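Below you'll find the structure, written out as structure tokens, and then a few comments.
The values are calculated or read from the model by the stated rules, or taken from the named source; none is laboratory data. Model, not experiment: these values are computed from the prediction. Cβ coordinates were reconstructed from backbone atoms using ideal geometry, including for glycine residues, and neighbour counts include every protein chain displayed. Each accessible area value is taken on the protein alone, full model and side chains, heavy atoms only, with ligands, DNA and RNA left out. Shrake-Rupley method; radii C 1.70, N 1.55, O 1.52, S 1.80 Å.
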Amino acid sequence: MLFKERKTSLEYALLKSLSSRMKLHEKDLQYLRNLEKGDEGERYFDSLTGALTCDCFVLNDLRLSCNNATFQIDALMITGETIYLFEVKNDEGNFYYDRDRIFTKNKSEINNPLLQVKRCESLFRQLILSLGFDMPVSASVVFVNPEFTLYQAPLSAPFIFPSQLKRMKDLNAIYAKRSGKHRRLAEKLSSLHIEESPFLHFPKYRYDQLRKGIFCATCGSFSCAVKGRSVICEDCGQAESVEAAVLRSVREFRMLFPERKITTNDIFDWCRIVDSKKRVSRILAKNFNKFRGGRWSYYE
């Protein structure tokens, strides 16, 4: 049972938006690629846990704190007998393991996810004990990319490799049933989730730097035009109602500029392709509460 779904992080969504509206530095683009790759790997793993039939609670993307230390769990599964923690990696290429360190073939060292998962497991054990729950915890690093190979990995390491992902189905053999205790733990962990990391990575940007317009929700193209009640992408042919497209653009505007009020003038300028301010105003009035602030009206 999916108890806590995975949400797109603010950091990833904001950088993705900026990448389509301005030229990012190469280091920011590389960081965005890493976030995108990680997100793809995690969502693929979600499809595996979502297919399980065992009696469990699945909580995705938990950010928790214990003893003034913050830690993140990519996926957590509470069964009737054990709590499983999964650190998901979407790396690709050939790597080798040597004395608790991991290297690429050209001998460049990368972060060893075992160190991260061991820290996470330790802090999680301390946290649930402080909450009055004492259950076995099993932590693993899951490599989901089929193009990933790790040579010389110790047999004792809690690694799950791409060729072993089918073994996830073995969890369906767990017959221990959930109880009220397990639900209370899932509810408590969900309530303790910290929404955003304190270490967000945002490049500097200004409103006048960003490209204006509505981009296609399917292919990302800005070659969109309003035709009647629809916004049509001239590249892929995807159609979206004008109202849905404007509201999507409002959500993006609020994400990028949380300090600015939502006004008809701003959203009209942000969308650009909508034919009149009155149309934008009607959409805003229908979906938001209108307030008057001095000379200008705004929406919340």
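Observations on the model:
- Scanning the stretch 248-278 for residues that are within 23 Å of T218 (Cβ to Cβ) and open to solvent by 40 Å² or more (accessible area, probe 1.4 Å) gives R248, R251, R254, M255, R272, I273, D275.
- Residues within the stretch 279-294 that are among the polar types (S, T, N, Q) and either open to solvent by 60 Å² or more (accessible area, probe 1.4 Å) or on the phi > 0 side of the Ramachandran plot (or both), tallied: 2
- Within the stretch 11-112, strands (runs of 3 or more DSSP E) holding 1 or more residues that are touching a Ser or Thr at 6+ places or on another chain (Cβ under 9 Å), over 30 Å from F133 (Cα atoms) and open to solvent by 60 Å² or more (accessible area, probe 1.4 Å): 93-98
- Single match in I194, I214, I232 (criterion: without any contact (Cβ under 8 Å) to a residue 12 or more places away in the chain and either open to solvent by less than 70 Å² (accessible area, probe 1.4 Å) or assigned to a loop (DSSP other than H, G, I, E, B) (or both)): I232
- Matching residues, the stretch 154-177, being outside any helix (DSSP H, G or I), farther than 17 Å from V88 by Cα and not polar (S, T, N, Q): P154, L155, I174, Y175, A176, K177
- None of P136, P203 is in contact with a His (Cβ under 8 Å, 6 or more places away or on another chain) and over 30 Å from G237 (Cα atoms) except P203.
- The residues of the stretch 134-155 that are within 30 Å of G80 (Cα to Cα) and among the aliphatic types (A, V, I, L, M), listed by number, are M135, V137, A139, V141, V142, V144, L155.
- Any chance Y205 is of a type in the set (F, W, Y) and exposed (fewer than 13 other Cβ atoms within 10 Å of the Cβ): no
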